[in-house]
1. Go through E222, E213 for me and flag whichever is closer than 30 Å to V276 by Cβ and surrounded by 17 or more Cβ atoms within 10 Å (Cβ to Cβ).
2. (1) of a type outside the set (F, W, Y); (2) open to solvent by 20 Å² or more (accessible area, probe 1.4 Å); (3) out of contact with any helix residue (DSSP H, G or I) (no Cβ under 7 Å at 6 or more places or on another chain): which one isn't true of G121, the others all being true?
3. Filter the range 96-114 down to the residues that are part of a loop (DSSP other than H, G, I, E, B) and either aliphatic (A, V, I, L, M) or open to solvent by less than 30 Å² (accessible area, probe 1.4 Å) (or both) and list them by number.
4. So in the range 575-605, with the set limited to residues that are among the charged types (D, E, K, R) and closer than 20 Å to S547 by Cα, which one is surrounded by the most Cβ atoms within 10 Å (Cβ to Cβ)?
5. Among (1) closer than 30 Å to R155 by Cβ; (2) over 38 Å from the mean Cα position of the chain (by Cα); (3) open to solvent by 30 Å² or more (accessible area, probe 1.4 Å), which single condition is M93 missing?
6. Specify which of the listed residues (V296, V319, V323, V315) is closer than 16 Å to T92 by Cβ, of a type in the set (A, V, I, L, M) and buried (at least 19 other Cβ atoms within 10 Å of the Cβ).
7. State yes or no: is E58 closer than 19 Å to L124 by Cβ and open to solvent by less than 10 Å² (accessible area, probe 1.4 Å)?
8. Assess whether A198 counts as being open to solvent by less than 70 Å² (accessible area, probe 1.4 Å) and either part of a helix (DSSP H, G or I) or over 25 Å from V260 (Cα atoms) (or both).
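The values are calculated or read from the model by the stated rules, or taken from the named source; none is laboratory data. Bear in mind the structure is a predicted one, so any value in this text is a computation, not a measurement. Positions of Cβ are generated from backbone atoms using ideal geometry, with glycine treated the same way; all protein chains shown enter the neighbour counts. Side chains are part of the model used for accessible areas, which takes the heavy atoms of the whole protein and leaves out ligands, DNA and RNA. Shrake-Rupley method; radii C 1.70, N 1.55, O 1.52, S 1.80 Å.
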Amino acid sequence: MPTIALLPDELISQIAAGEVIERPAAVVRELLDNALDSGATQITVRLQAGGVRLIAVEDNGCGMPPEQLPVAIQRHATSKIRNLHDLESVSTMGFRGEALAAIGAVSELTLLSATADAAHGHFLDARSGELRPGARAQGTSVEVKELFFSTPARRKFLKSDATELAHCLDAVRRHALARPDVGFAVWHDGKLIEQWRATTDATQRMADVLGAEFVAQSLPVEHTLHTATGDVRVQGRCGLPDFARSRADQQYAYVNGRFVRDKVIAHAARAAYEDVLHGHRQPVYVLYVAVDPLRVDVNVHPTKIEVRFRDSREVHQAVRHAVEQALAPSRATQTGQNEYTYHEAATAEPAWQQQRMPLPMPAYGQPRQGWRVQESSNPWGTLPAHQAETANETASEGGASAPIDNRQAPTDWPLGHAVAQIHGVYILAENAHGMVVVDMHAAHERIVYEQLKHQMDAAALHSQPLLIPATFAATAQEIASAEQHVASLQQLGLEISALNSKTLAVRAVPAPLAQADPVELARQVLAELAQHDAGTVLTRARNDILSTMACHGAVRANRRLTIDEMNALLRQMEATDRADQCNHGRPTWRQLSMRELDALFLRGR
């Protein structure tokens, strides 16, 4: 038997470094955390060869006195926490006391720091321990050279310089979005490649970091969930469904100012986009979640990029409701904020060279400027008497129910005045900005869908008993979920019971999904119930069913509508939440500005 022996300190540090320092970007992240904790208002990052040859982070923070420099590079040395209570209520970016020790174990690390009352700074070589005076204004400079020189096998796993540089930039970008009050500059091989000036405007920082198009194609998020144990506040911006991407590379979530990759927040955001995104597109967002530090554990992983909430359901609910509320109002009802102005903002000059760009501000529950709703018994709106019969006949197919005011000028309406119908599929309308094209089936599908959701809010779905129960081999988790959520399953129209300790039987399914695979449906719902609260699962499953019903209940393509019927449909869209997309995430309307129309015919050239 080999004998048990204590590992050398150097090997212990190198093993620990493997958990904290995966690549140059991890070094950048840790050094930025320390710089921000020092109270810095300006941070400069200098890189060579993507950070492999050199990573230097300079700040103008409080600095460190000379006697503290040797202590700072020791393992488990930190100024952030002192006891268990501090650990359970961390409010700083760093707190584990591992970063500098881990970095020093796999690189050539030096520190140069000066405090406000010092005549000069002091320089420390982490490998030799040499401490000597050095020229430095208040703040700290940390240099990391030849990363992984002492662990060559680890260095072989690094990618190209361009790839490592991209990861380093992303690390700086995450911190810059969290702290708009701090200026950041990034140099690579002697060239300035990024610079973000300090600002008091978080939206301006988003425009600087992510581009003016992100701000132009996103909506403000602001929601607070009040609970008995404290508030959960969600702020930020969420991208319009049309601005979704094929990859989830522009999803930034923060908890108390810390960038995190959290499944609860990601799932909640995705759930809010569920019936407005097409296919497998990924939404873009920057979300800041503020919660009592005592209710979140940040000491989950050495990289501090994961957190654990004491009540994840509260956070899920707060994030989902925040994003849903932001997405609900149609762009058509936000005066001056249509696709014409979005295009203008997307092609405008850089954000730091222009005045504050106008941002769309939803007015929940408030009358929209340019149109107003009136009471009327006609479900398709206030139409001329000679058209009422035809309009009511059309309305009976989908149950549209928002009356309109026909006394206003056509251009006052956000979606304008209908002028024609193309092949029984599209409606052409004229508004103040140019021409609007509407997919009438997709638009009416959304209208019917939203009405069905309101009607079903307080009612359970009808179930269809199966002539022969569908049985399947179930996991212990599936059986536990079936037994725990009997009432929730009944609300969904599902009846699932255990035949024995390893088998479940599906005895009834929702009536609208009678032709669906009962086993697959049961597995999907049980998996959701195991991970998320019953209310969320109920809503998602119910919406899937209602979406199917709405698709069949909406006015069909190739049906000829009168001008008044088309106008009534447009007014319905203006009064319906999420009317910019159908239930499957496809757009329901498009704006062509006069500038775009002129360009098609070379007018003015």
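1. Values: E222 fails: surrounded by 17 or more Cβ atoms within 10 Å (Cβ to Cβ).
Going through E222, E213 in turn, the sole match is E213.
2. Result: G121 fails condition (2) only.
3. Step one: list which residues in the range 96-114 are part of a loop (DSSP other than H, G, I, E, B), which gives 96-98, 106-107.
The answer is G97, V106, S107.
4. Going residue by residue through the range 575-605, those that are among the charged types (D, E, K, R) are 577-578, 580, 586, 590, 595-596, 598, 603, 605.
Cutting the leftovers down to closer than 20 Å to S547 by Cα gives us 577-578, 580, 586.
On the way: D577: 17, R578: 19, D580: 23, R586: 16.
Checked the range 575-605; the qualifying residue surrounded by the most Cβ atoms within 10 Å (Cβ to Cβ) is D580.
5. Here M93 meets the rest and fails (2).
6. Details: V319 fails: closer than 16 Å to T92 by Cβ; V323 fails: closer than 16 Å to T92 by Cβ; V315 fails: closer than 16 Å to T92 by Cβ.
Selected residue: V296, the only one of V296, V319, V323, V315 that is closer than 16 Å to T92 by Cβ, of a type in the set (A, V, I, L, M) and buried (at least 19 other Cβ atoms within 10 Å of the Cβ).
7. Working: closer than 19 Å to L124 by Cβ: yes; open to solvent by less than 10 Å² (accessible area, probe 1.4 Å): no.
Answer is no for this residue.
8. Values: open to solvent by less than 70 Å² (accessible area, probe 1.4 Å): yes; either part of a helix (DSSP H, G or I) or over 25 Å from V260 (Cα atoms) (or both): no.
In short, no.
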